[in-house]
1. Using a Gaussian network model on the chain with a 10 Å cutoff between Cα atoms, which of M25, M76, M17 fluctuates the most?
2. Considering Cα pairs under 8 angstrom that are at least six residues apart, work out the relative contact order of region 11-93 and quote it in whole percent.
3. Using a Gaussian network model of the chain with C-alpha springs under 10 Å, which one of A12, A45, A31 is most mobile by mean-square fluctuation?
4. Just to be sure I understand the model, the point goes 7 Å from the Cα along the line to the Cβ. What's the resulting Q93 to Y42 distance in nm?
5. Compute the angle between helix 14-27 and the longest alpha-carbon principal axis of the chain, please, reported from 0 to 90 degrees and rounded to the nearest 10.
6. Select from K71, K53, K21 the residue whose mean-square fluctuation is largest in a Gaussian network model of the chain (Cα-Cα springs shorter than 10 Å).
7. On C-alpha positions alone, give me the angle between the axis of helix 62-93 and the longest principal axis of the chain, in degrees, nearest 10.
8. Treating region 1-67 as a set of equal point scatterers at the Cα positions, no solvent, please give the Debye-formula log₁₀ I(q)/I(0) at q = 0.20 Å⁻¹.
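Since every read-out is calculated from the coordinates, none of them should be taken as a lab result. Owing to the predicted nature of the structure, the values given are computational and were not obtained by experimental measurement. Note that each Cβ is placed from the backbone with ideal geometry, even for glycine, and that neighbours are counted across all protein chains shown.
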Amino acid sequence: MARRRRKYAVPAVEQSMQAFKAEVMRKEGYAVDPQRPDDVKYEVAKELGVPLKPSGNGQLTTEDAGHIGGKIGGSMVKEMIRLAQQKLADSEQQK
């Protein structure tokens, strides 16, 4: 099965989102190569005990894949919420 590549609604943001992912996962304590931020999923999988490989993951359950993506995506969402709250607080202080 071919690897699916996520497409952003605004294609120009892809590089920024990859940089954001790298920054967030680095803050979470993972070693992230800024040139290959998607590779952090292998480190997360190892930590979770999920046997993720660069190819041939047919044995991987949806639940296991969800644990990996949830850890990464959840961390990114938490950081986005924190940034939004900070921006709101800053705008309230300027009033």
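1. Looking only at M25, M76, M17, the largest GNM fluctuation is found for M17.
2. So the answer I get is 26 percent.
3. In this elastic network of the chain, the residue with the biggest mean-square fluctuation among A12, A45, A31 is A12.
4. Those two pseudo-labels are separated by 4.2 nm.
5. That helix lies at roughly 90 degrees to the long axis.
6. So, out of K71, K53, K21, the one fluctuating most is K53.
7. 10 degrees
8. Computed log10 I(q)/I(0) values: -0.96.
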